[in-house]
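Structure record follows, encoded as structure tokens.
The values are calculated or read from the model by the stated rules, or taken from the named source; none is laboratory data. In this text the structure is predicted, and so the values were computed from the model without any measurement. Every residue, glycine among them, receives a Cβ derived from its backbone with ideal geometry; neighbour counts consider all protein chains shown.
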Amino acid sequence: MADYAGTSATLTAVNQHMPPGFKQFLPLPFTPPNDFYPDSRNRLPVLPAISPNPATVLYTRPMTPEGTGPGQIRRHGAGLKSLQASVGRRTIDVAILVSAREHDSQYDWTINEAAAVKDGLEPKVIDVIRDRKLTSNLNEKDASLIDFGRELFGKHNVATQTYARVTKVYGDRDLTDLVAVLSQHASEYTLTLQ
């Protein structure tokens, strides 16, 4: 369940639509935005296919059509080390705290707030996240990421304008990696419920 909570957040973040010819069985309480590439059916372009390892072909099968799904999405990122070098630990802490707050995860918040303060996250930003205040008095990097996370976890749908705004600030690579952080903490929250 935890893995699927994280996967769901990843798919929602990039507006993953059903592949052509697939019937949508789950009724949604909103109309999904139409900002997607026709080939990937999400907000990220299809990357060139990776040749499978011949030694493992027998034991693998794709669960999604080529160009769609969480595996394709993750390929747009570069990983946590790259994200730390690019945006810094402070911004990663913003993503973690947004996920903790939007899930009302007392444990995740308590463990990570102290680390965020050590990493230089200002008390006013922490207050905005914790108290769900408006982000209008924050810099664009923090405000766009907080608003993105709130929509992702609060509405389970990210508006076209919100996605365009946060992508303009972070770009596809860093946003993909920030989504991985948000998704990981959504997954961990699910595990703490047991």
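Between Ser82, Ser144, the distinction of being in a helix (DSSP H, G or I), of a type in the set (Gly, Ala, Ser) and in contact (Cβ under 8 Å) with a residue 60 or more places away in the chain belongs to Ser82 only.
Taken over the range 1-17, the residue count meeting the criterion of being part of a loop (DSSP other than H, G, I, E, B) and in contact with a Phe, Trp or Tyr (Cβ under 9 Å, 6 or more places away or on another chain) is 4. Selection within the range 133-146: residues that are among the charged types (D, E, K, R) and under 19 Å from the mean Cα position of the chain (by Cα). The member of this set that is surrounded by the fewest Cβ atoms within 10 Å (Cβ to Cβ) is Glu140. Applying the condition of being aliphatic (A, V, I, L, M) and free of Cβ contacts under 8 Å to residues at least 24 places away in the same chain to the range 1-27 and asking which residue is surrounded by the most Cβ atoms within 10 Å (Cβ to Cβ) yields Met18.
Summed over the range 90-121, the residues that are surrounded by 14 or more Cβ atoms within 10 Å (Cβ to Cβ), of a type in the set (D, E, K, R) and either more than 20 Å from the chain's Cα centre (by Cα) or more than 20 Å from Ser187 (Cα to Cα) (or both) give a count of 2.
Being at pLDDT 95 or above, buried (at least 22 other Cβ atoms within 10 Å of the Cβ) and closer than 22 Å to Pro70 by Cβ is a property that does not hold for Val181. Listed by first and then second residue, the pairs linking a residue in the range 156-179 that is assigned to a helix (DSSP H, G or I) to a residue that is among the aromatic types (Phe, Trp, Tyr), with Cβ atoms under 6 Å apart and 6 or more places separating them unless they lie on different chains, are Thr162/Phe148; Val166/Phe148.
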